[in-house]
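Below: one structure, written as structure tokens.
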């Protein structure tokens, strides 16, 4: 099902749920190599909310604390203060198994130690559902097949993971995340090694899936234009501080972006109401 | 001082030390300041050895050699032995030079020996070569039978300048063995397993003097291997079912407990020798190719063939008459401290294991 | 898409079990004492039907009391080492890992040597005298397991790299200690030790020991098997595994303790039999794939087959003498490993 351009109007709330699913409340974090020393890195209190079907972009330059924030939302790190709520449950207090049934993470993949086929890989997403030691049921197989189809990678099913391209791999990883049947889909710089066509393809798919399956999607990225085009909400970060939270239109102001990204830009608004950023060079 | 001068001084000191040390090892032991005479012999490993004459200072690197030196009455010339040289007890008072495999060369050199006695089985060729490099001669024995032990002893005695003592000891040993053979002549030999180690099972090979000693005691080792210390299969032993197990242990009191422990294992219990506790314990003299091995052989014979040693009254009387007749005749019992040029006296040797079952 | 089913798993295990059965029959037939197949079958049936007391023939007793226990020991040791090796390869994310890489065998050897040194000074009831060495070895192994665990922790949980480093250092330190002790221990004791260090199945035990070993194997392997799926995911990546629902901390702890326990068990009774724990997992992976739900049981069966075959060779090639089974596994294992390595790289 192709997706029409979305208008920013009150009917948006029919696309997005009414109640916030994800609540990030005053989350902060500090990391020091040595307990006695001053922290090497801090994330200052950050808050935002997201509803079902919504795409949130955590935007900022490198070392702005984006990935750390994402890890905290995923429950992998415990915040120093504040909490993350998913449908009212504190994420960090859930067991890894329960978390995996609700939250799926897509990130840069480690090298596989032993070769695996794409369908085996995607089936791993079903691990959190059912007992730990089990054989996959026909339902699991169906869900996995479906997930591959949803990302447009059905033909990759029997291929070996180390023999497919970066873009194809990214899609298979996404399929695995979908196989988890999560409520919350987290992606850490998913477009990093992709060419422009693959980038657009991925984000189109995400937008479609978010709408169809009512996922809440949180993407960490530094790509200004992608965030502008696809996100319903943007969390702007710089050096561990959350500067502003809001729809792209309210975030994409030239002075603010120039200060954050340390580079001259110009901001325009396209016909669909989304901002578009052009990087100015030299002048 | 400049760096170059310092380096030169260091080099000079090092060179001095390097050349001085072997000289010190060679340097005059008190008696050999006069022109030393040498005797050239071939030892039992085929090496040509230059033995200074006379041999006044001896270091022994094997317990069997230590015992032999004592048996020949030359203990006053023994200036050093190994940590394992424990028999006779006096040997423990000698200066120790370390183990048999890794003795301290420095210590040996500091004792200024004229000759070092080694055996092929107990010592390493590296030790002999190192001693050669220090200008110290070593003589090696390598007996494979009990008869070899006798001839070795005589040869060593000759080398050390006491051929008569060697003849006495050798003939004594031969006499006792002949006596034993006579007593066991009509009896069939026992099938035995000589146990060096239980788990894994290690016994002795056919070319060892231990195997020959067993033969002399009226026993036959069921192990027929060309290796000296073969690992034997328990299955094979269970198949051959030896009459007796033979243990050589200086701590004889632990052996019955050891056999009891074996009897709890199903694999060992099927040996009738284990189930019926048929075992013999002899002193570890059997492990040393020295004159005392004859005592161990006799011990074993008594345990395996007790019926051959029942004293008939006429024999006992004969023995007493012989003993009373002359103090200077060779003693029937174990020889021990034969002092040179002194009337032969009998001593009951200390530490003999009297554990006939 | 053909996911693993219980039926396929059972079929694969059945195949290997049948192979193991044949190997055991052959092993029972061959030995220092030759036995006819007829006599073998007859006596085996008697054992199975509980009429062992009727076995009177020489051969029967040898089979029942020496050969059969030895084969059972070989099965348990082979299975334990293979499962431990598979587990460590997954835990440490390293295909070169074997059961001994974390120092367990060195700790066991040290324990055994200390036991040998202490033995003359202790008076033990006959039933326990033979158990002193394996018991000391197991204690040594346990102590090493604990020590390496504490060395291998980072931020409160086991970290693969830190664990590997800690284990390797511990192993070499313990080996140095062992060499030091062996140089001061009397020569007759070291003779026995050298054979033990190479891996040797000729030691015989009371019946209860075999039961204990079997029980220990099943408990520990069972514990590892419950994490089989988790291990599959762990191999895909640690961070990813956690996000997929694996309790990484708990899985690491269970696998570490259980696999080390298996290694300690095996080493205590047979010394360090090499290459089995390293190569059998790779062979099984090559045939059956990397899914640990299949890999663990097939590795166990494969290891049992490998050790029984090696031990049969060890006791028949130069009969009635024996060579250490570790020597056979090394001679066969090393070239096999090189072959596998080249295949991987090709």
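Looking at (1) buried (at least 19 other Cβ atoms within 10 Å of the Cβ); (2) within 12 Å of chain C (Cβ to nearest Cβ); (3) over 24 Å from residue C:312 (Cα atoms), find the lone condition where residue B:234 falls short.
(3)
Anything in the range A:158-183 that is touching a helix residue (DSSP H, G or I) at 6+ places or on another chain (Cβ under 6 Å) and at pLDDT 90 or above? List them, or say none.
Selection gives A:159, A:172, A:175, A:176, A:178, A:179, A:180, A:182, A:183.
Restricting to the range A:70-106, give me the number of residues that are within 9 Å of chain C (Cβ to nearest Cβ), without any contact (Cβ under 8 Å) to a residue 60 or more places away in the chain and within 18 Å of residue A:132 (Cβ to Cβ).
Residues meeting the conditions: 5.
Exactly one condition in (1) in contact (Cβ under 8 Å) with a residue 12 or more places away in the chain; (2) within 14 Å of chain B (Cβ to nearest Cβ); (3) under 27 Å from residue C:75 (Cβ atoms) is not met by residue C:220; state its number.
(2)
Name the residues in the range B:263-286 that are surrounded by 24 or more Cβ atoms within 10 Å (Cβ to Cβ) and at the interface with chain C (Cβ under 9 Å from one of its Cβ atoms), would you?
Answer for the range B:263-286, where residues must be surrounded by 24 or more Cβ atoms within 10 Å (Cβ to Cβ) and at the interface with chain C (Cβ under 9 Å from one of its Cβ atoms): B:265, B:267, B:268.
Going through the range A:212-231 one residue at a time, which ones are surrounded by fewer than 22 Cβ atoms within 10 Å (Cβ to Cβ) and within 15 Å of residue A:273 (Cα to Cα)?
Across the range A:212-231, the qualifying residues are A:225, A:226, A:229.
With respect to residue C:139, determine if the residue is in contact with a helix residue (DSSP H, G or I) (Cβ under 6 Å, 6 or more places away or on another chain), more than 23 Å from residue C:212 (Cα to Cα), surrounded by fewer than 24 Cβ atoms within 10 Å (Cβ to Cβ) and in contact (Cβ under 8 Å) with a residue 24 or more places away in the chain.
no
May I ask you to say which residue of C:272, C:324, C:241 is within 22 Å of residue A:136 (Cα to Cα) and crowded, with 22+ Cβ neighbours inside 10 Å?
C:241 is the lone residue from the list that is within 22 Å of residue A:136 (Cα to Cα) and crowded, with 22+ Cβ neighbours inside 10 Å.
Rundown of residues vs (1) within 7 Å of another protein chain (Cβ to nearest Cβ); (2) in a helix (DSSP H, G or I), yes/no style:
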{"position": "A:108", "(1), (2)": "no, no"}
{"position": "A:115", "(1), (2)": "no, no"}
{"position": "A:120", "(1), (2)": "no, yes"}
{"position": "A:124", "(1), (2)": "yes, yes"}
{"position": "A:136", "(1), (2)": "yes, no"}
{"position": "A:142", "(1), (2)": "no, yes"}
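Considering every residue within the range C:290-308, establish whether at least one is away from chain A (no Cβ under 14 Å), surrounded by fewer than 19 Cβ atoms within 10 Å (Cβ to Cβ) and under 17 Å from the mean Cα position of the chain (by Cα).
For the range C:290-308, residues away from chain A (no Cβ under 14 Å), surrounded by fewer than 19 Cβ atoms within 10 Å (Cβ to Cβ) and under 17 Å from the mean Cα position of the chain (by Cα): absent.
Quick check on the range B:305-327. Is at least one of its residues closer than 19 Å to residue B:182 by Cβ, modelled with pLDDT of 90 or more and in contact with a helix residue (DSSP H, G or I) (Cβ under 9 Å, 6 or more places away or on another chain)?
Within the range B:305-327 (the criterion being closer than 19 Å to residue B:182 by Cβ, modelled with pLDDT of 90 or more and in contact with a helix residue (DSSP H, G or I) (Cβ under 9 Å, 6 or more places away or on another chain)), the answer is yes, since at least one residue qualifies.
For the range B:151-209, what are the residues that are assigned to a loop (DSSP other than H, G, I, E, B) and either closer than 30 Å to residue C:113 by Cβ or within 14 Å of another protein chain (Cβ to nearest Cβ) (or both)? Steps first, please.
Quick first cut of the range B:151-209, residues assigned to a loop (DSSP other than H, G, I, E, B) only: B:160-162, B:185-189, B:196, B:198-201, B:203-208.
Result: B:196, B:198, B:199, B:200, B:201, B:203, B:204, B:205, B:206, B:208.
Name the residues in the range B:210-231 that are under 14 Å from residue B:196 (Cα atoms), at pLDDT 90 or above and away from every other protein chain (no Cβ under 11 Å), would you?
Residues satisfying the conditions are B:210, B:211, B:214, B:221.
Can you name the residue in the range C:31-52 that is under 28 Å from the mean Cα position of the chain (by Cα) and either touching a residue at least 40 places away in the same chain (Cβ under 8 Å) or over 23 Å from residue B:237 (Cα atoms) (or both) and is also farthest from the other protein chains (Cβ to nearest Cβ) among such residues?
Result: C:48.
Does any residue of the range A:68-75 turn out to be surrounded by fewer than 24 Cβ atoms within 10 Å (Cβ to Cβ), closer than 14 Å to residue A:234 by Cα and out of contact with any helix residue (DSSP H, G or I) (no Cβ under 7 Å at 6 or more places or on another chain)?
The answer is yes, given that some residue of the range A:68-75 is surrounded by fewer than 24 Cβ atoms within 10 Å (Cβ to Cβ), closer than 14 Å to residue A:234 by Cα and out of contact with any helix residue (DSSP H, G or I) (no Cβ under 7 Å at 6 or more places or on another chain).
If residue C:157 satisfies every condition in (1) buried (at least 17 other Cβ atoms within 10 Å of the Cβ); (2) touching a helix residue (DSSP H, G or I) at 6+ places or on another chain (Cβ under 6 Å) but one, which is the exception?
Of the numbered conditions (1) buried (at least 17 other Cβ atoms within 10 Å of the Cβ); (2) touching a helix residue (DSSP H, G or I) at 6+ places or on another chain (Cβ under 6 Å), the odd one out for residue C:157 is (1).
Condition test on residue B:78, is it free of Cβ contacts under 8 Å to residues at least 24 places away in the same chain and over 27 Å from residue B:178 (Cα atoms)?
In short, yes.
The values are calculated or read from the model by the stated rules, or taken from the named source; none is laboratory data. All values derive from a computational prediction rather than experimental measurement. Cβ: placed from backbone, ideal geometry, glycine included. Neighbour counts: every protein chain shown.
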